[in-house]
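Okay, structure first, notes after.
All of the numbers you see were taken from the coordinates with simple rules; none came from a lab. Note that the structure is predicted; figures quoted are calculated from it, not measured. Cβ: placed from backbone, ideal geometry, glycine included. Neighbour counts: every protein chain shown.
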Amino acid sequence: MNASRYSMPGFDSGLIDELLLDQVDSGSRVIDLGCGDGRLLARLRDERNCQVLGIELGLVELTGAIGRGLSVIQTDLDRGLDDIPDDSFDTAVLSQTLQEVRRPTTVLREMLRVAQRALIVVPNFGHWRVRLKVVQQGRAPVTDALPYEWYDTPNLHVCSMHDIRDLVEQLGFFVIREIPIIKGRPVERAWWANLRADSALYVVERTGE
Amino acid sequence: MQEVPLSGPGVRDCHNRDRTASADKAHGLARRRGVIEPMAIEMSTTNPADDGSVGVVETQTVTLFEPPATLTLAGGGRLGPVTVAYETYGTLSPERDNAIFICHALTGDAHAAGVHDSSDEKPGWWDDFVGPGKGLDTDRYYVICANVLGGCQGTTGPGTTSSDGDGPWGLRFPFLTVDDIVRVHAGLVEHLGISRLLAVIGGSLGGMQVLEWAARFPDRLRSAIVLASGAKLAARGIAFNAIGRRAILVDPGFNDGNYYDQDEGPRFGLALARMVAHITYLSEDSIELKFGRRLQQGDSFAYDLTRETEFQVESYLHYQGKRFVERFDANSYLFLTRAMDYFDLASTHGSLTRAFAQTEARFLVTSYSTDWLFPASQGREVVRTLLDVGRDVTFVEFDSVYGHDAFLIEHAQLAGVVVPFLEQTFARGTNVP
């Protein structure tokens, strides 16, 4: 990473976990896509009494999740969620992964096939510093939140908050809540969110009711 | 014509313990064994704690299903008494809550770990995975492995004397299924005073037994670990078994299965069956890497059709066939491959959903990327059904070059998930329903 480049505040995973925990009903069924070592799922199980399942591709992460006593299915999200039955969960979580999958539309549709509600956390490439960097340096932005060079990055897609909202609506789903995360703090109904947020949490549902 | 056993990864004999044909050198294991370094074996038995061996073990036998409580088999036949050969490793806890049952594959046996005496050069077939500090840690768990019904390594099978006293059973042995195998093993576990196993684990035909355990004895296991297996044998598997059986049946030495009093049984047929089956245990890459087109002797072709071991891969297969004949009974091979063909959990229990509806066991299902005998789609089918009925299931598709054999080769990889899985299952307590 080029040190001369400006760094945005990094993701605070703990904060995002808290934010996600708040959006999940106690005792509900939760599937976490790209669950890593299962930190969030273990908390949902232990603190919220949820029934949980993880989806993870990486063997090391998956082993960590098994070590927490979680059930995990090793699957590449780009394959879809063939193994997961329709409506088998109340909530599907996808944290900081949507920009990494090959077909975000497929993953979103799959999430809302297996669950009534999707919680999605995505980095906001519409942040003003990212825009400034592009304008000033004429280069693909590298920041703490986006610490990768363009040629070696898991982020296959560059999207802003506006883009996510458009995509959700285009798929016929509904954004129930949108929580911008600004300088590491969730700020609901923030002014100029698409310029100021490092990332955002979306609560998406199949129906707008 | 010299037939030299080749060693190295990817040629590991899958379902038996012909260990001279395998070597762990390629895996960098400190402990080696076999004809190459007999000293290492000696050390492993004199000081088992140092190298993770269970040391010297003995195969035990028990007689179950004594008349009138005989066993009625799925094919309608009755059998009893039934002798079961088994081994145990580790110590059963006072609470009797740390027992793990290993289901062996098609041609395995009860001797999963350790050696039979201090000069024994071949440890059990899963010695790398079973022992102190290993995948199935015998310092913590009490591990049981038993030969299958219909086998030829101590448990009642077609080679044992029939109950009517008229010599060995041969083809008169009652038709048996995976379900029958499991019921006999459940009888053994009961005999050992264990009402609920911590885990039942097995690969291939062993994995089928694990699934049958969960379906038939849903309360008697806390977890099921299914490796490189599936809820049924696919057409390709049946096809290869058919070739193996055909080879035995047409061998002039077969004599309708009545060959026990002859000098030689259907040894050519049985060897050929093994050669064919062995190919299905290897992956395209592993067989290519190990042998390629290399010749057994010299650099040029012999232009001689009678030389059957010109290529290294030929020599290896001949060697595998020859070794197999020394330790396996052709009639057992017929009965057990048929049991494998017949296995279809869904049809036995109405549907897969019904098969898994009763058990509270946690499942760990693993497939291997290059396994074409039980491809990952078979593992996923099981996983999908388990999820459908709300079971606790973990699925891992291991990346391995070793094909179907991988579950017997990639010990570290497997232990990486099995160890935490067992720990967590154990930590949940007996949870008796």
With a Förster distance of 56 angstrom and the Cβ-Cβ distance between B:HIS191 and A:ASP76, calculated FRET efficiency to the nearest 0.05 equals 0.80
Two pseudo-spin positions, 7 Å from Cα along C-beta at B:GLU264 and at B:GLN297, lie apart in nanometres by 2.1 nm
If each K or R counts +1 and each D or E counts -1, the residues other than B:VAL182 whose Cβ falls under 11 Å of its Cβ total 0
Here, B:LYS322 and A:LEU57, labelled 7 Å along Cα→Cβ, have an inter-label distance in nm of 4.8 nm
Longest principal axis of chain A (C-alpha) makes with the long axis of helix A:104-114 (C-alpha) an angle, in degrees to the nearest 10, of 20 degrees
Given a Förster distance of 56 Å, the FRET efficiency implied by the Cβ-Cβ spacing of A:ASP17 and B:VAL250, rounded to the nearest 0.05, works out to 0.30
Of A:62-73, B:232-243, B:411-422, ordering from highest average Cβ density within 10 Å down gives A:62-73, B:411-422, B:232-243
Taking a ≥ b ≥ c as the square roots of the eigenvalues of the Cα gyration tensor, with a/c under 1.5 meaning rounded and otherwise prolate when a/b exceeds b/c and oblate if not, the range B:352-433 is oblate
Dipole check, the range B:220-290, charges on Cβ (K,R +1; D,E -1), about Cα centroid: among B:ALA277, B:VAL250, B:GLY237 the Cα furthest to the positive pole belongs to B:GLY237
Descending packing, highest mean Cβ count within 10 Å first, for A:173-186, B:76-89 is B:76-89, A:173-186
Per residue of A:61-70, other chain Cβ atoms within 10 Å number on average 5
Scoring the range A:13-205 by relative contact order with C-alpha pairs under 8 Å, at least six apart, yields a percentage of 18 percent
Honestly the range A:8-65 on the Cα gyration tensor test (a ≥ b ≥ c root eigenvalues; a/c under 1.5 rounded, otherwise a/b vs b/c for prolate or oblate) is just oblate
To the nearest 20 debye, the range A:13-205 has a Cα-centred charge dipole, built from +1 on Lys and Arg Cβ and -1 on Asp and Glu Cβ, of 660 debye
With Cα coordinates, the longest principal axis of chain A makes an angle with the long axis of helix A:128-137, in degrees rounded to 10, of 40 degrees
Rounded to whole angstrom, the alpha-carbon centroid of the range B:334-412 lies from that of the range A:47-103 at a distance of 20 Å
Percent antiparallel among DSSP beta bridges confined to the protein assembly as shown, nearest 5, equals 40 percent
In terms of the alpha carbon gyration tensor, root eigenvalues a ≥ b ≥ c, rounded if a/c is under 1.5 and otherwise prolate when a/b exceeds b/c or oblate, the protein assembly as shown is prolate
Once both label points are put 7 Å beyond Cα along the C-beta direction, the B:ALA412-B:GLU360 separation in nm becomes 3.8 nm
If every Lys and Arg gets +1 and every Asp and Glu gets -1 at its Cβ, then about the Cα centre the range B:248-397 yields a dipole, in debye to the nearest 20, of 400 debye
Interchain or sequence-distant (5+) residues whose placed amide H lies within less than 5 Å of the amide H of B:GLY135 are none
To the nearest 0.05, the calculated FRET efficiency linking B:THR91 and B:ASP344 through their beta-carbon distance, R0 being 45 Å, is 0.75
